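Throughout, read-outs are computed from the coordinates displayed, never taken from laboratory work. It should be emphasised that the depicted structure is a prediction, and the values quoted were computed from it without experimental measurement. Using ideal geometry, Cβ is built from the backbone for each residue, glycine included, and neighbour counts are taken over all protein chains shown.
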Amino acid sequence: MNDMKNLAYNIERGPFIRSFLAASAGMFCFSRGLAADNLYDKVGKRNTKEALFWDSSARGVQCTLCPNHCVISERKAGLCGVRKVSNSRLYTISYGNPCTANIDPIEKKPLYHFMPGSRTFSIATAGCNLACLNCQNWTISKVTPDETNNYDLMPETVVNRAVSGRCSVIAYTYTEPVTFFEYAYDTAVIAKEKGLKNIIKSSGYINPEPLRQWCEVMDAANIDLKAFNNETYLKLSGVRLQPVLDTLKILKENGVWLEITNLVIPSWTDNLDEIRDMCKWLTDNGFSDAPLHFSRFHPMYKLNQLPPTPVETLFEAASIATEEGIKFVYIGNVPGNDKEDTKCPKCGAVVIERQGYSILLKNIADGKCISCGEIIPGVFN
Amino acid sequence: MKGWFSKKKDRVNTDPRIGLSLFIIGAVSCSIQLLFMKEAMNIAGGNELIAGVFMGTWLIMSALGAWLGGDTKTTNLRSINLLFSFSPVVSLLFLLVASTSFVHPGETMSFFKSLIFTLVITAPICIASGYAFIKLVELSVLVNRSVPGKSFAMETLGGILAGILISIVSSGLVNTYLLILLTILLSFSFTILTFFIYDKRKKTHFRIFMALLGATLIIINPDLLIRNILMGGVDIVSTKDTPYGNISEGRYGGETNLFYDYRLVAYSNDIMEREEDIHFAMLQDRTIKDVLLISGPLSSRLKELSKYYLTSVTFMERDPGLIKIAEEEEEYSRSYDLNIKNIDAFNGIKLDSSKYDAIISLVPPPSSLSLSRFYSLEFFKNAKARMTGDAVFLCAPGPGEDYFGDEATKLYSSIYNALKKVFLNVSPVLGNKLYFIASDGPLSVSFSMLSIESGIENQYVNSYYFIDELTEEKSGQIVKNIDKKVRINRISNPIASYYYQQYSLSKDTNRITIALTIIVLVFALPVIAFRRKNIYMYFSSAALSGFEIIILFMLQITVGNMYQITGAVVATIMAGLALGAIIGIKSISKIDIRKRMSGIALYYALIALLFPFIVSIADKKISTILIVSLSFLPSIFTGHLFRELTINNGKGKATSNTYSADLAGSAIGFILISAVAVPLLGLQLTIILLSLMLFMGIFVGSIK
């Protein structure tokens, strides 16, 4: 074993470790330096626009778009990943750069009482202001626009594409349209001018002021009411319940057609007492006409070790909703179930018969049931 | 040495109990390691990266224990054994607490959480075993005048025997948690009977008590209780461990769900999934008569296949547990023949002589190297060889998403490109999963039209849910996004599993932490932590554990099923290590360590050079013996290195440092080779990387 003593060459251990650590630190700082990029480095200048809702505060720039109220320092982004500070001003980097653009039937959103059978031109940019464990669009929502492969679709182009695709509706959907507020708003203004309708599929986590501005151009909304318990909301999505309830009220006050989706997740949001409380709140606050969609959960994203929602639970939830006075209750993600049709709340006749995303029968004229003349809430023309 | 001589019974010149204790520590550690790893893989996601993380943390924690052992003066044999016997109980409790408190109900752990989780559950047993081993080596040197290499060999022997035994009994005979508890019981029994009870009558009473306790454990079925805790909320009504995983049947809200390694594989009201699985392929051709179905829930898929006029359906599934369930559930009166084959379809398709009009592969996505085989060029070629002229092939390599990021695009490109090499036409279909349908004949994704034309009555795959124009557009978009330059997924270069890991890791927002963790583990740790001679140990062990992975994959290519031969490979390597550690070969010792390392590096390089020849040997027996024996030489070298580095260092600290270096090196080798190098570089280049690893060891070890 004597040869062990002779094994060392002329490289000193101490200096080597110091050099190694110094080089590592240098590389780290260099890479961080590169990461702390300019606003336009990774997304084009045309995809960057000054945000509409922000304030200056002593600690930095405060975004006032959503109830997260992020205080953002220079060159950093908010929780959504798309609102960045540059020269003490807040910019959005998701403008005209959707990463997904598809044509979908409006029933897929789901919106059942708003222009049934319409085709929607659906767009979304990367980023989200929530942190849902069951996100079904996590490949877009957990990244920022500078990490996705994007289309170049400025607002005018979106409207033109919608028209050429025979879509009468533009949907701001998939991730969370709140995060691309300015893009959605500008597009909606042009779409409205051209006679198209605008809809949002959202979690409704937005402050009242921007929401009221949106209401000027949005025709309909489907809001995810993920739970009716603040603690569950926080654990499941990282946000609070109350701002979402406020959103529902503001949308209603401003005449935006509203439908609500409740995804029933086993062991998270399938407590029937809680579902009853939710339905009670909805009827007590004047939402009994707002269609309520109970949707079946399938294992997704980080909630991968759960069973799907039992179909029986969805029917029980639907019964509870009806008992509590919700007039239009639907069940989603269960093909062939009998809770897809719209029935007249007065005479019980089927006014819209659906199968999947197809409308089989419309017994409705001027928004009224053909059988009894009862007004069916919604936009059916 | 006060502790050692403090008890009257211990006051002997040589003590066989030290050797026995070493054997028991090796056996119990190895058993618990295998069983915990199986379970941690199930809980945390089950790919090579998770296995690597587990092995890594296991060995690093053991190294920590060994290091602590070298620093403490305790030499009380009773205390050492008692401490070790308690440790798996604490680990088991930690596992139960961590898996219910670290994650929300139903949540799959992120990589970072998996890392913390494995650290927490491995810490008690590993620190205790590393610590106990070093103390016993120290005692062995002092009391039995034995060289550390012999102690190492004794512990290794325990590990080999327990490893073989556990491999046999855990392959479907006894469930995991029952085995863990029985192992703990045996470990306690040894400690109590050897060090605490000396009276014969009391010993008999104790034996009877432990036997009754063991019988009670068997009767109460602890696996069912524990899995009910782990699957919070779901009522687990039955659970069974098979050679490949755990199958648990659960009830929730009146519906039945079947979980395989905690992932849902079958459930009630699965209309959307089962119709997509079957009809995307079957609607392509109205003349399909013979179908090969690979994996997936059989009974619900047969419901859909029964809508067609078929002659035969062959079902291949490697897991006997799933086959049993399929046979029990299969109750439909059929107008066609049903052949259920319990075989790994990768081999099954090669051995089969039948021809099929459709092959529907419902194997899960390529999240591991094993699953990646079913998305390889070789598998697609073998499948095509079993297909009639314009027959249809279907596979589902991942979930259906509205947007495919870079990781997903590369993953699907590697599979699409492989399919394109074999079939004239390949069409992606975006359903609840992403499907690829392939054929030499024409393909259509206009399922609305196809379902109307066929007259097949579906609840979901029909004109009400599928708008042909949109389905075609989406399929076209996916093809447009396919990167033709991405390498083809092959058996020898399983790039799909690497991309799948990248895709899974992209769920973690803190990727810098992951990268830094790996970098620190691989490079910084040995330079900072070990003295230079132990750096040789570190890199030699890393290269050997990496070579172990290579051997397994070479067997996968040649023999077909590496999992059945794993025990033989591990036993050969451990035997080589034990032999090297126990026998001092003077002629070897005379050669400079760096020269010897260079020799082994050249040996690896030679194997890399001969790789194409070795894997092409037609005789399976010869190739198996040859490949398994390839690991013998480097394992003897590594064992001998351990002996040399510890032979004149009976003092605990030096031995513990060498042992720590050995364990940490093995861990890094395992992670680096299985999770990164093999998927990224392929087998042949990875063998060369082992050579480079040894040369790097020579360089780093040469730093003063």
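Points worth noting:
- Ordering B:262-272, B:125-135 by mean Cβ neighbour count within 10 Å, with the highest value first, yields B:125-135, B:262-272.
- Cα-based helix-to-principal-axis angle, B:532-558 vs chain B, degrees rounded to 10: 30
- Of the residues A:Asp186, A:Asp338, A:Asp146, the one that moves most in a GNM of chain A with alpha-carbon contacts below 10 Å is A:Asp338.
- The distance separating the Cα centre of region B:311-352 from that of region A:183-198 comes to 55 Å.
- Principal-axis analysis of the Cα atoms of chain B puts helix B:683-701 at an angle of about 30° to the longest axis.
- Summarising the amide proton neighbourhood of A:Val351: residues at separation of 5 or more, or on other chains, whose placed amide H is nearer than 5 Å comprise A:Thr342, A:Lys343, A:Cys344.
- Per-q log10 I(q)/I(0), the protein assembly as shown, q = 0.06 Å⁻¹ (Debye; single scatterer per alpha-carbon; no solvent): -0.53
- Only Lys, Arg (+1) and Asp, Glu (-1) charged, at Cβ; region A:100-340 dipole about Cα centre in debye: 380
- Over region A:45-92, relative contact order from alpha-carbon pairs under 8 Å, at least 6 apart, %: 33
- Along principal axes, Cα extents of region B:583-689, largest first, whole Å: 50, 32, 25
- Cα-based helix-to-principal-axis angle, B:176-191 vs chain B, degrees rounded to 10: 10
- Estimated dipole of the protein assembly as shown in Debye, rounded to 20 [Cβ of Lys and Arg +1, of Asp and Glu -1, Cα centre]: 5500
- Percent antiparallel among DSSP beta bridges (both partners in chain B, rounded to 5): 60
- Taking every C-alpha pair closer than 8 Å and separated by at least 6 residues, the mean separation divided by the residue count of chain B gives a relative contact order of 17 percent.
- Taken residue by residue and averaged, Cβ atoms of other chains lying within 10 Å of the Cβ of B:254-265 number 3.
- Per-peptide packing, taken as the mean over residues of other Cβ atoms within 10 Å, places A:370-376, B:446-452 in the sequence B:446-452, A:370-376 from highest down.
- Using the Cβ of A:Asp277 as centre and a radius below 12 Å, the other residues enclosed give a net charge of -2, where K and R count +1 and D and E count -1.
- In order along region B:98-103, the Karplus-derived 3J(HN,Hα) couplings, from 6.51 cos²θ - 1.76 cosθ + 1.60 at θ = phi - 60°, round to 5, 6, 9, 9, 6, 10 Hz, and Gly and Pro are given as x.
- Cα radius of gyration and Dmax for chain A (Å): 24.9, 104
- For the segment A:136-148, counting C-beta atoms of other chains within 10 Å of every residue's C-beta and taking the mean gives 4.
- Relative exposure of B:Asp277, B:Asp235, judged by other C-beta atoms within 10 Å (fewest first): B:Asp235, B:Asp277
- For region B:154-165, 3J(HN,Hα) per residue [Karplus equation, 6.51 cos²θ - 1.76 cosθ + 1.60, θ = phi - 60°, Hz, x = Gly/Pro]: 4, 5, 5, 4, x, x, 4, 5, 5, x, 5, 4
- Two-site FRET efficiency, B:Ser335 against A:Arg166, from Cβ-Cβ distance with R₀ of 41 Å, rounded to 0.05: 0.40
- Taking label positions 7 Å along the Cα-Cβ direction at both A:Asn271 and B:Val237, the computed distance is 2.7 nm, reported to one decimal.
- The chymotrypsin sites (Phe, Trp or Tyr not before Pro) of region A:153-250 include none that meets both conditions, a loop assignment by DSSP and at most 15 other Cβ atoms within 10 Å of the site Cβ.
- Average beta carbon contacts from partner chains per residue of B:397-404, 10 Å cutoff: 6
- Interchain or long-range residues, amide H under 5 Å from B:Ile437's placed H: B:Ser427, B:Val429
- Cβ-to-Cβ counts within 10 Å put A:Tyr301, B:Tyr460 in ascending order as A:Tyr301, B:Tyr460, the fewest first.
- For chain B, average projected area of the Cα convex hull in nm²: 31.7
- Relative contact order of region B:1-231, pairs being alpha-carbon contacts under 8 Å that are 6 or more residues apart, as %: 33
- Per-residue HN-Hα couplings for region B:664-676 [Karplus 6.51, -1.76, 1.60; θ = phi - 60°; Hz; x = Gly/Pro]: 5, x, 4, 4, 5, x, 5, 5, 4, 6, 6, 8, 10
- Each listed q (0.12, 0.14 Å⁻¹) maps to a log10 I(q)/I(0) for region B:429-505 from the Debye sum over equal C-alpha point scatterers, namely -0.49, -0.63.
- Choice from A:Glu324, A:Glu312, A:Glu209 with maximal GNM fluctuation in chain A (Cα, 10 Å cutoff): A:Glu312
- Theoretical FRET efficiency, 1/(1+(r/R0)^6), r = Cβ-Cβ of B:Leu424 and B:Ser171, R0 51 Å, to 0.05: 0.75
- Beyond 29 Å in Cα-Cα separation lie the following of the pairs B:Lys73/B:Lys590; A:Lys192/A:Lys368; A:Lys280/B:Lys507; B:Lys341/B:Lys484; B:Lys38/B:Lys474: B:Lys73/B:Lys590; A:Lys280/B:Lys507; B:Lys341/B:Lys484; B:Lys38/B:Lys474.
- FRET efficiency for A:Arg75 and B:Ile208, using Cβ-Cβ distance with R0 set to 51 Å, rounded to 0.05: 0.10
- Put simply, the amide H of A:Gly332, placed in the peptide plane, has neighbours under 5 Å in A:Phe294, A:Ser295, A:Arg296, leaving out anything fewer than 5 places away on its chain.
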